[in-house]
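*Asks:* This structure is in structure tokens; I'll ask about it shortly.
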Amino acid sequence: MSPYEEVILDHWKNPRNKGRLADPDLVGMEVNPLCGDAVRLELKVKEGRVTDVRFAGEGCAISQAAASLLTELVLGRTLAELREMKDEELLSALGGVIPTRLRCALLPMQALRKALKTSA
Ligand code: FES
């Protein structure tokens, strides 16, 4: 099994931070129009820093595993840092993604960007 497959399988079977926050400060949702898969990201923010995060969604293993991994990457970061975050960071943490599955892997990044747009 490749490192990429191991990361996907781990997060798919044992998703981190899955669920909903009682009172999120920022919410972003993205749907892949090609398949209908969706990722919703909820953030709790204190003094400009992410203090809690959850994801919810339905979809393929890659999109949901990427969402789980992304929650680990955003926790503790400032909103300013997240606005600068590049797709490559998530793709690299996933261990590389084949081009045909890029849209799946980046669905959570689009949800994050939508959530950040709702912040001041
Ligand atoms: Fe729909 Fe992956 S097949 S996001």
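We did not get these values from a lab; they are worked out from the coordinates using the rules stated. Just so it is clear, the structure is predicted and the values come from calculations on it, not from any experiment. Reconstructed Cβ throughout: ideal geometry from the backbone, glycine too, with neighbour counts over all protein chains shown.
*Asks:* On full extension of the chain, what length is gained from residue 58 through residue 21, given 0.36 nm per residue of separation minus the C-alpha to C-alpha distance? Before the final figure, lay out the partial values.
*Replies:* Working: separation 37, 0.36 × 37 = 13.32 nm, distance 1.72 nm.
Residue separation times 0.36 nm, minus the Cα-Cα distance, leaves 11.6 nm.
*Asks:* Another question, if that's okay. What range in the chain is the longest one free of trypsin sites (Lys or Arg not before Pro) that are in a loop by DSSP and have at most 12 other Cβ atoms within 10 angstrom? Don't jump to the answer; show the numbers that get you there.
*Replies:* Values: sites that count: 20, 86.
With trypsin sites (Lys or Arg not before Pro) excluded where exposed in loops, the chain gives 21-85 as its longest stretch.
*Asks:* Summing +1 for each Lys or Arg and -1 for each Asp or Glu, what net charge is found among the other residues whose Cβ lies under 13 Å from the Cβ of residue 47?
*Replies:* +3
*Asks:* Still on this structure: Can you give the Kirkwood hydrodynamic radius of the chain from its Cα pairs, in Å with one decimal? Write down the numbers at each step before the final one.
*Replies:* On the way: mean 1/r = 0.0713 Å⁻¹.
The Cα-based Kirkwood calculation yields 14.0 Å.
*Asks:* Would you work out which of 31, 70, 17 lies farthest towards the positive end of the dipole of the chain? Charges go on Cβ: Lys and Arg +1, Asp and Glu -1.
*Replies:* So the residue furthest toward the plus end is 31.
*Asks:* Using a simple charge model, +1 on the beta-carbon of Lys and Arg, -1 on the beta-carbon of Asp and Glu, nothing else, what dipole does the chain show about its Cα centre, in debye to the nearest 20? Mind showing how you got there, number by number?
*Replies:* Values: 17 positive and 17 negative charges, 57 e Å.
That gives the chain a dipole magnitude of about 280 debye.
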